[in-house]
1. Return yes or no: is residue 141 modelled with pLDDT under 95 and at negative phi?
2. Hey, any hits in the stretch 112-130 for a residue that's among the polar types (S, T, N, Q) and under 18 Å from the mean Cα position of the chain (by Cα)?
3. Tell me which residues, restricted to the stretch 34-74, are under 18 Å from residue 194 (Cβ atoms) and surrounded by 21 or more Cβ atoms within 10 Å (Cβ to Cβ).
4. Residue 186 passes all but one of (1) on the phi > 0 side of the Ramachandran plot; (2) under 23 Å from the mean Cα position of the chain (by Cα); which number fails?
5. Does any residue in the stretch 94-105 that is acidic (Asp, Glu) and in a helix (DSSP H, G or I) come within less than 8 Å, Cβ to Cβ, of a residue that is at pLDDT 95 or above and surrounded by fewer than 16 Cβ atoms within 10 Å (Cβ to Cβ) six or more places away or on a different chain, and which pairs are these?
6. Taking the stretch 75-89, which residues are over 19 Å from the mean Cα position of the chain (by Cα) and either surrounded by 13 or more Cβ atoms within 10 Å (Cβ to Cβ) or closer than 25 Å to residue 184 by Cα (or both)?
7. Name the residue that is farthest from residue 235 (Cα to Cα), counting only residues in the stretch 175-197 that are assigned to a helix (DSSP H, G or I) and of a type outside the set (Asp, Glu).
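The values are calculated or read from the model by the stated rules, or taken from the named source; none is laboratory data. From a predicted model like this one, the values you see are computed outputs, not experimental measurements. Virtual Cβ from ideal backbone geometry, glycine too; neighbours counted across all protein chains shown.
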Amino acid sequence: MTGLRDRLRLRLRPSLPSEPELPEVARAVAIIMDGNGRWARRRGLPVLAGHRAGTRALRRTVEAAIDLGVESLTVYAFSTENWNRPDDEVRGLLDLFAETIKREFPDLAKQGVRVRFVGRRDRCSPYVTSLMEELESDTARNDRLDLFVCFDYGGRAEIVEAARRLVADGLGEDEITEAALRERLADPDMPDPDLVIRTSGELRISNFMLWQLAYSELVFSETLWPDFGRDDLHEALAAFAQRRRRFGGR
């Protein structure tokens, strides 16, 4: 077990002396942004302060992804299970989500980032929903980097909903294929990640992109999400570049 953990876990250094060119960049990257609460507790701060610091980490990571040649970045912002957190934390997260859309995303849009929100929207307020729709519309023609923000999202719920759509569309048994199911996922344009990064040292995927992760490479970083940045992303991409992807072959 220890050997497996060592192979899976990537202990990121505080900084890198240089950034050599990556031989093979992961074009599609997904990040499970974990560790906001622990970051705040270690500093004697309220949990929401950790989440707010996490929004700043998101912006610098998106900007780093652009510079490092990543074409698509998917981030896990709020899961279907996060509704089970204390009410005051959930309310704070929803307010912070709206604040982040207004404060952080316009500058990213100016840098050519196309933003898509993936997940349920019926549990958000009409105000938050309108912010999401407006940002998607305003960035629809941007093509420098696709940013998929998974909010009120769960991998199992996504697959169940796709199965329901297959039934509702009246597909016969022979018509139910991987391609047919994929077309009915939450956002068919969201690519399968080449690389998935989870911060904070936890070794699990927490119901994230269960369909899309079938052949993704995994990197587990010890860095808490609010401390994550360019050097951490570069080192994760460097680890990916050293791996041989077989996709079930030899």
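1. Against the criterion (modelled with pLDDT under 95 and at negative phi), residue 141 does not qualify.
2. Keep residues of the stretch 112-130 that are among the polar types (S, T, N, Q), which gives 125, 129-130.
With under 18 Å from the mean Cα position of the chain (by Cα) added as a condition, the list becomes none.
Within the stretch 112-130, none of the residues are among the polar types (S, T, N, Q) and under 18 Å from the mean Cα position of the chain (by Cα).
3. We begin by selecting, within the stretch 34-74, every residue under 18 Å from residue 194 (Cβ atoms); these are 61-62, 64-74.
Across the stretch 34-74, the qualifying residues are 61, 62, 65, 70, 72, 73, 74.
4. It fails just one condition, (1).
5. That search, which allows pairs on different chains as well, returns nothing.
6. Narrowing the stretch 75-89 to residues over 19 Å from the mean Cα position of the chain (by Cα): 84-89.
Hits for the stretch 75-89 are 85, 89.
7. Top of the filtered list is 180.
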